[in-house]
Amino acid sequence: MRNYILRRLLIIIPEFIGITIIAFFLFSLLGDPFAELQTNPFISPADIAALKHMYGFDKPVVLRYFYWFFSLLRGNFGLSAVTGEPVLKMIGRALPITLSINIFTFTISLFVGIWIGFKSAVKQYSFFDHFFTGISYFGIAMPHFWFGLMLMILFSVKLHLLPPGGIMTPGMDTAPLLARILDRAKYLIMPIIVISLGSIAVWARYTRSSVLEMLRKDYVRTARAKGLKEKDVLKKHVFRNSLNPIITLFFLSLPGLLGGSAVVEQVFSIPGMGRLLIQAVMNNDYMVAMGGIIMYSFILLLSLVIADVMYAYIDPRIKYS
Amino acid sequence: MVKDTTISKKDKDAALENQESFSYWGKVFRRLRRHKLAMVSLFILIAIILIVVFVPMFMHIDPDKVDLAQALQPPSIHHLMGTDDNGRDEFARLLYGGRISLLVGFAVTFFSGLLGILMGIWAGYKRGFWDNFLMRVDEMMMTIPELPLLIVAAKMRFIPNSVVKLIVIMSAFGWVGIARLIRGETLSIREEEYVEATKAIGMRDRTVVWKHLLPNTMAVSIVWATLRIGRVIIAEATLSFFGLGVQPPTPSWGNMLLGAQTYIWTSQWLVWWPGLSILLVTLLFNFLGDGLRDAMDPKMFM
């Protein structure tokens, strides 16, 4: 077991290097971030050259990659080419916002999704099942940004209940804590609904099919045949065993906590991680974009390892070879 | 469960189906025909496709005609779905946009499917280097978030036509999932005795792929493709919503929503129609795909 974990951890290193290479050279294909400055008559070529030198853009791309990679290893993510701020500081500002949305939506959709999936599998083809299967079809087929716009029309334009976007009412930053929390909640309700609907649908579908598969197993019939109460059969035999694929999905979706839904953040103008990343890509702001992607991918790699190891723990049939 | 004691048409169909006189595809079609939701979806989809292809030919409304005096008009007899901020007829744009969105959906699914199926079959059948290569690429693609990748690709200016560019980009990134799926299928098929027999009689690899592997992975591919089209349409809309997909003035359901957010306080109809169209088409493709999956699965008894 220890060898398995160790080997699994070691594979991360080449994969991580691979990701840095892909990310770096992909972005270097985008072209010069200072190209737009050259058309600006108020900036002299000497200034541009100085800027390029400052950011290291006068060196060949392979050299730049190694420089970037080794400073990355020292925990230096570089400076933003647009604002000149350190990348880590920008991420540090965006991350808490995304986390506050995601931890909430993730927990809700996990429990609600699994509960709905379990109930609808146990009562297959009942009204409950059809109703939530229908809703989950909508949750999967609905473009997130459009659903966001529709909620905005309903709650902001028609009912005047919620603000249409942003993160804080101006002047609220000095208010008492409780008022600040309530204010924040007002801004986040709609994004949370939008993200939750999609992920509840996914959790429910996964759980439903997993539980349905377990219900057909022979040992479930045996458990019933020996006279166990239906409640115990469902709780101890069906539910526990149907959790295995769900746990994999759980760890696969953990990195999503940091990622943030770029689309939803864009629609509701929330300055979170997703928006930071997308804006950086749009503005040719290499360092921010690469830093964001690298961080996300690294955490995803780690979670994949944890998922593999957890899976081996939970399912004794899997041999660690 | 049969509640009726008389022999209904359904039972007759079921009995017929169990006779060996039908080919696999014949059986699939019969089973699908009994899947009401899937059949209704199929007919509505065909109707939608016919409408967006043929109705504009007889309509004589120019979707690109700018008329600022008529800007942001609510739905009326003259403009069935109102007009947008440039005074263009929303109904005409919806139909023309549907052409583009559906074209992108079908084309991307077709090309990425073709690429993925062939690579998956080859990797699964040949094993070795190709197999390893494919799986490594697959893992890396899985760890890098997709949207920034697509945006980076969309920003490069290598093809002037934005629709063609979008199709190329999304096909280039879209083959990974199906390749993995087909590889898995092929791995189990190649262990079958009839594939071994092809080796014994000295059949060429190419013939084995065309005659045995491709037809036997078809069911998986068709289900994948049906479920995929909806996802592609949503992805196209998302990219266009960021201004990186289909470039105006060419309408697509995604870029029609791009301007709509600016006008949600006054002209909500601009948000409704394109979004509803995307939702409807995606939903129908999902219903059809699920129906097909049930019809093609021999273990399922309907």
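To keep it simple, each residue is scored yes or no on (1) within 14 Å of chain A (Cβ to nearest Cβ); (2) within 21 Å of the chain's Cα centre (by Cα); (3) charged (D, E, K, R); (4) open to solvent by 50 Å² or more (accessible area, probe 1.4 Å).
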residue: B:ILE144; (1), (2), (3), (4): yes, no, no, no
residue: B:LEU147; (1), (2), (3), (4): yes, yes, no, no
residue: B:ALA154; (1), (2), (3), (4): yes, yes, no, no
residue: B:LEU166; (1), (2), (3), (4): no, yes, no, no
residue: B:ILE169; (1), (2), (3), (4): yes, yes, no, no
residue: B:TRP175; (1), (2), (3), (4): no, yes, no, no
residue: B:LEU187; (1), (2), (3), (4): no, no, no, no
Residue that is surrounded by the fewest Cβ atoms within 10 Å (Cβ to Cβ), among those in the stretch B:236-287 that are more than 8 Å from chain A (Cβ to nearest Cβ), in a helix (DSSP H, G or I) and among the hydroxyl-bearing types (Ser, Thr, Tyr): B:THR262
Matching helices (runs of 4 or more DSSP H) fully within the stretch A:1-74 where at least 2 residues are open to solvent by 70 Å² or more (accessible area, probe 1.4 Å) and away from chain B (no Cβ under 14 Å): A:2-28, A:45-55, A:61-73
Flag if B:GLU196 is charged (D, E, K, R), modelled with pLDDT of 80 or more and assigned to a helix (DSSP H, G or I): yes
Qualifying residue in the stretch A:143-161 (condition: more than 9 Å from every other protein chain (Cβ to nearest Cβ) and at pLDDT below 80): no
Verdict on B:LEU214 being surrounded by fewer than 22 Cβ atoms within 10 Å (Cβ to Cβ), closer than 30 Å to B:TYR194 by Cα and touching a residue at least 12 places away in the same chain (Cβ under 8 Å): yes
Helices (runs of 4 or more DSSP H) contained in the stretch B:125-192 and holding at least 2 residues touching a residue at least 60 places away in the same chain (Cβ under 8 Å) and polar (S, T, N, Q): B:162-189
Test: residue in the stretch A:190-206 that is surrounded by fewer than 18 Cβ atoms within 10 Å (Cβ to Cβ), over 30 Å from A:THR248 (Cα atoms) and within 26 Å of the chain's Cα centre (by Cα): no
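Quick grid of which residues meet (1) surrounded by fewer than 20 Cβ atoms within 10 Å (Cβ to Cβ); (2) closer than 30 Å to A:ARG208 by Cβ:
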| residue | (1), (2) |
| --- | --- |
| A:ALA121 | no, yes |
| A:PHE128 | yes, yes |
| A:MET152 | no, no |
| A:HIS160 | yes, no |
| A:PRO170 | yes, no |
| A:THR174 | yes, no |
| A:ARG180 | yes, no |
Selection within the stretch B:92-110 - open to solvent by less than 50 Å² (accessible area, probe 1.4 Å) and either without any contact (Cβ under 8 Å) to a residue 40 or more places away in the chain or within 13 Å of B:PRO249 (Cβ to Cβ) (or both): B:ALA92, B:ARG93, B:GLY97, B:ILE100
Any hit, the stretch B:24-34, residues being of a type in the set (A, V, I, L, M, F, W, C), under 29 Å from B:GLU185 (Cα atoms) and surrounded by 17 or more Cβ atoms within 10 Å (Cβ to Cβ): yes
Per-region count, the stretch B:62-84, residues open to solvent by less than 60 Å² (accessible area, probe 1.4 Å) and farther than 27 Å from B:THR282 by Cα: 4
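The values are calculated or read from the model by the stated rules, or taken from the named source; none is laboratory data. Since the model is a prediction, treat every value here as computed from it, not as a measurement. Counting neighbours? That spans all protein chains shown, and the Cβs are built from the backbone with ideal geometry, glycine included. Side chains are part of the model used for accessible areas, which takes the heavy atoms of the whole protein and leaves out ligands, DNA and RNA. Shrake-Rupley method; radii C 1.70, N 1.55, O 1.52, S 1.80 Å.
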